[in-house]
Amino acid sequence: MRKGIFYLGDGSATFGIAVYGRNLPGEPAVLEAALRSLHEGFLAEPEVARMLSGASPEETMTSRIFASSGYGVRRTEAGLLRVGDAGGTSHPVSGEGIGFALQAGRLAAGW
């Protein structure tokens, strides 16, 4: 599991928790409860609680699944190159994929 807080430069921050998919339950209600528990546990960590003291949430917790390792992702088909999240090239901590997608698109265009 990886986790981090990312300051956005405007007085706000976002945080993320990345968990290897095989470690999560498959049933939606159980999965939601597991993710909420990870979320609450992260916020309760002393250093995180200190950094976020006085802060208030702007949004509710959301979760999504994305491929970060590329393991098992088919990246190409005839006339198609999957990049970013779809190609499994997202950053494993931040989930950032658009930068990788743009870079891969530029490289592919040169071929």
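The values are calculated or read from the model by the stated rules, or taken from the named source; none is laboratory data. Since this is a predicted model, take the numbers as computed values, not measurements. So basically every Cβ, Gly included, is an ideal-geometry build from the backbone, and we count neighbours across all protein chains shown.
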I'd like to verify a number: residues in region 8-18 that are modelled with pLDDT under 80 and loosely packed, with under 15 Cβ neighbours inside 10 Å, how many?
0
Let me confirm something: among Arg82, Arg64, which residue is among the charged types (D, E, K, R), at pLDDT below 85 and surrounded by 11 or more Cβ atoms within 10 Å (Cβ to Cβ)?
Arg82
Can you say whether Pro57 is modelled with pLDDT of 80 or more and either under 17 Å from the mean Cα position of the chain (by Cα) or not in a helix (DSSP H, G or I) (or both), as far as the supplied structure shows?
yes
Against the condition at pLDDT below 80, assigned to a helix (DSSP H, G or I) and not assigned by TED's automatic domain parsing to the domain that holds Ala109, how does Arg36 come out, does it pass?
no
Here are Phe15, Phe6: which of them is in contact (Cβ under 8 Å) with a residue 40 or more places away in the chain and either part of a strand (DSSP E or B) or within 15 Å of Glu58 (Cβ to Cβ) (or both)?
Phe6
Any idea which residue in region 18-53 is nearest to Glu96 (Cα to Cα), counting only those that are of a type in the set (Gly, Ala, Ser) and in contact (Cβ under 8 Å) with a residue 12 or more places away in the chain?
Ala18
Considering only region 92-101, I want to know if a residue exists there that is in contact with a Gly (Cβ under 8 Å, 6 or more places away or on another chain) and at pLDDT 80 or above.
yes
